[in-house]
């Protein structure tokens with residue numbers, strides 16, 4: 001609770017204390033004994049006015065300011081008219097006094113407003129704490145000493161020093177040192193990430209163990225931390241359809257109930273249907289109940305809480321409109337490489353011929369590919385545990401699209417596909433495994449083959465199962481890879497459809513065909529790496545970029561950004577969205593239902609001011625407490 005809220009709370013507590021004492025004196029008959037029956041009414045008027053003004057003077061001031069600006073119809077206006085009207089009932093001496101109810105309405109309205117302010121502040125603080133990733137300074141080494149400078153003063157290419165316990169202030173590449181990085185604020189992942197010289201690091205992470213020297217690759221304004229903070233700050237501007245409906249509803253609702261209250265107070269007694277004081281009190285009660293604050297605050301607070309809860313999981317939602325759409329997604333389309341698979345080639349099997357050692361096959365391939373930077377060559381060299389002595393290699397010849405030949409220790413080694421083997425007259429045979437098959441021949445004799453594949457991520461299969469469990473009807477994979485590879489991955493993961501050998505433009509066309517099949521409120525989400533898939537991310541109803549730490553293209557193109565590389569967060573994001581929408585509609589139905597009931601009772605003269613207080617403040621507090629549940633998520 002901040003200083004302003006504490007002063008507000010103390011003012012309300014003082015007013016409540018004075019109110020309780022006055023009510024005790026009034027109810028025990030001491031005022032009547034001291035001033036007589038008639039005098040006690042005016043005495044209670046003066047006494048109840050004290051806590052009323054202490055608690056509600058700011059509400060009266062706000063109502064007056066808004067009236068002068070021509071913006072009268074808001075909660076402050078409704079409260080001011082209703083409570084001033086309750087005190088004005090003293091002008092009808094033949095009726096029961098209603099000053100206590102007038103003061104109570106203002107007091108409990110202020111209690112509800114304070115609770116609302118606290119809830120909003122808690123939500124904002126929750127997001128601020130989760131996203132407390134903005135660095136205060138960067139360390140630059142000058143004349144042998146570390147100098148703290150504003151991160152905005154650091155130029156691209158400067159070397160900064162990040163000590164243990166400090167946040168990485170700017171995106172860059174480690175040039176010296178090794179350490180563990182805590183990425184939880186960005187990804188929601190509790191396991192530290194190891195970095196050493198050559199590794200890319202992004203701003204916002206906490207350096208845990210060793211000193212790092214980092215060469216910056218971006219200015220501070222374009223670093224990950226700046227982009228994320230900008231994204232979170234702007235999220236509230238993109239309102240959901242439900243939020244916009246509530247805003248429009250309140251704009252028409254408040255004048256309508258004000259006019260209704262005036263008609264209730266004036267028309268029936270003018271037609272001789274009862275006493276003026278009775279109908280005026282009904283109109284005032286109607287005004288108190290009609291205050292729309294429960295809806296106006298709880299619905300945006302629910303969305304705000306949902307966005308905050310998602311950010312705790314490393315899921316950044318650009319606006320409540322995208323959270324609302326995600327809740328209605330019934331088709332999820334995945335890119336394959338980098339989304340469902342790791343996006344890097346790995347050796348998954350080595351099949352030597354009879355009498356040949358598997359390590360010998362792998363070493364021959366590694367030596368032949370020693371000078372190549374092709375992803376397949378890199379995967380072979382990573383799988384080979386030994387050191388490669390390049391002096392043993394000569395006459396390397398790469399044959400585009402086929403493979404490579406090289407002389408290793410005076411032996412001719414060929415590594416490549418079946419076309420390379422056929423071209424050089426070497427025997428070979430097929431493999432039952434799906435993937436890229438590299439055949440290896442030494443001096444024309446077939447030694448065996450190596451199976452290389454883009455490995456499916458550990459949680460990919462569980463992701464598809466979770467999405468189906470969440471009610472997603474169709475999970476589709478789009479890829480430019482070969483059909484046999486794509487179908488093998490689809491079968492392993494339990495996907496509903498697969499479209500292979502697609503060009504980037506073909507992916508957009510495929511998504512458009514799937515969009516045409518959507519019915520009702522159903523939405524389509526596309527999940528990609530956010531770099532090559534920008535056109536498809538923008539075309540889908542909901543674009544989700546995965547593993548997008550530091551990717552400008554992802555943050556720009558996607559509606560939702562998953563800051564880590566785990567597809568299982570897609571289902572978690574959907575659960576957060578659907579929970580948020582459930583809470584939103586619970587609050588709408590509850591608030592409207594209770595208000596309509598009490599409004600009807602107030603119009604019939606059954607509901608009194610005390611019930612009206614519950615209809616306004618009580619409903620608002622319950623709705624706000626329910627909205628705050630959206631912030632709670634399971635990590």
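The values are calculated or read from the model by the stated rules, or taken from the named source; none is laboratory data. Nothing here was measured: the structure is a model prediction, and the numbers come from that model. A quick note on method: Cβ atoms are made from the backbone with ideal geometry, for glycine too, and the neighbour counts reach across all protein chains shown.
Among all positions in region 374-385, there is no residue which is without any contact (Cβ under 8 Å) to a residue 12 or more places away in the chain, in the same structural domain as residue 441 (by TED's automatic domain parsing), outside any helix (DSSP H, G or I) and closer than 16 Å to residue 441 by Cα. The condition (being within 30 Å of residue 304 (Cα to Cα) and either modelled with pLDDT of 90 or more or surrounded by 12 or more Cβ atoms within 10 Å (Cβ to Cβ) (or both)) is satisfied by just one residue among 150, 158, 171, 136: 171. The residues of region 391-409 that are outside any strand (DSSP E or B) and within 48 Å of the chain's Cα centre (by Cα), listed by number, are 400, 401, 402. Residue-level check: of (1) surrounded by 12 or more Cβ atoms within 10 Å (Cβ to Cβ); (2) out of contact with any strand residue (DSSP E or B) (no Cβ under 9 Å at 6 or more places or on another chain); (3) in a helix (DSSP H, G or I), residue 388 misses just (3). Taking region 451-560 and the helices (runs of 4 or more DSSP H) fully enclosed by it, the elements with 3 or more residues that are modelled with pLDDT of 80 or more and crowded, with 21+ Cβ neighbours inside 10 Å are at 460-469, 483-493. Say whether the condition of being farther than 30 Å from residue 539 by Cβ, in contact with a strand residue (DSSP E or B) (Cβ under 8 Å, 6 or more places away or on another chain) and buried (at least 22 other Cβ atoms within 10 Å of the Cβ) is met by at least one residue in region 296-306. Checked against the condition, which is being farther than 30 Å from residue 539 by Cβ, in contact with a strand residue (DSSP E or B) (Cβ under 8 Å, 6 or more places away or on another chain) and buried (at least 22 other Cβ atoms within 10 Å of the Cβ), region 296-306 yields no hits at all. Can you find even one residue in region 397-410 that is surrounded by 14 or more Cβ atoms within 10 Å (Cβ to Cβ) and within 21 Å of residue 355 (Cα to Cα)? Within region 397-410, one or more residues are surrounded by 14 or more Cβ atoms within 10 Å (Cβ to Cβ) and within 21 Å of residue 355 (Cα to Cα).
For first residues located in region 241-259 and farther than 9 Å from residue 296 by Cβ, partners that are modelled with pLDDT under 75 and lie 6+ apart or on another chain with Cβ distances below 6 Å form the pairs 253/292; 254/73; 255/73; 257/290. A single entry from 330, 359 fulfils the requirement of being modelled with pLDDT of 90 or more, within 25 Å of residue 544 (Cβ to Cβ) and not in a loop (DSSP other than H, G, I, E, B): 330. For region 364-375, what are the residues that are surrounded by fewer than 19 Cβ atoms within 10 Å (Cβ to Cβ) and in contact with a strand residue (DSSP E or B) (Cβ under 9 Å, 6 or more places away or on another chain)? Passing the criteria: 371, 372, 374, 375. Residues of region 431-468 that are over 30 Å from residue 368 (Cβ atoms) and free of Cβ contacts under 8 Å to residues at least 60 places away in the same chain: 458, 461, 464, 465, 468. Only residues in region 332-344 that are without any contact (Cβ under 8 Å) to a residue 12 or more places away in the chain count as the first member; pair them with residues that are crowded, with 24+ Cβ neighbours inside 10 Å and in a strand (DSSP E or B), Cβ under 9 angstrom, at least 6 apart or cross-chain, and list the lot. So the pair list comes out empty.
Every condition in (1) in contact (Cβ under 8 Å) with a residue 12 or more places away in the chain; (2) within 15 Å of residue 439 (Cα to Cα); (3) not in a strand (DSSP E or B) holds for residue 412 except the one numbered (3).
Considering only residues that are surrounded by fewer than 17 Cβ atoms within 10 Å (Cβ to Cβ) and closer than 24 Å to residue 286 by Cα, look in region 46-61 and name the one that is nearest to the chain's Cα centre (by Cα). The selected residue is 58.
Per the conditions (1) over 38 Å from the mean Cα position of the chain (by Cα); (2) at pLDDT below 90, the sole criterion not satisfied by residue 434 is (1).
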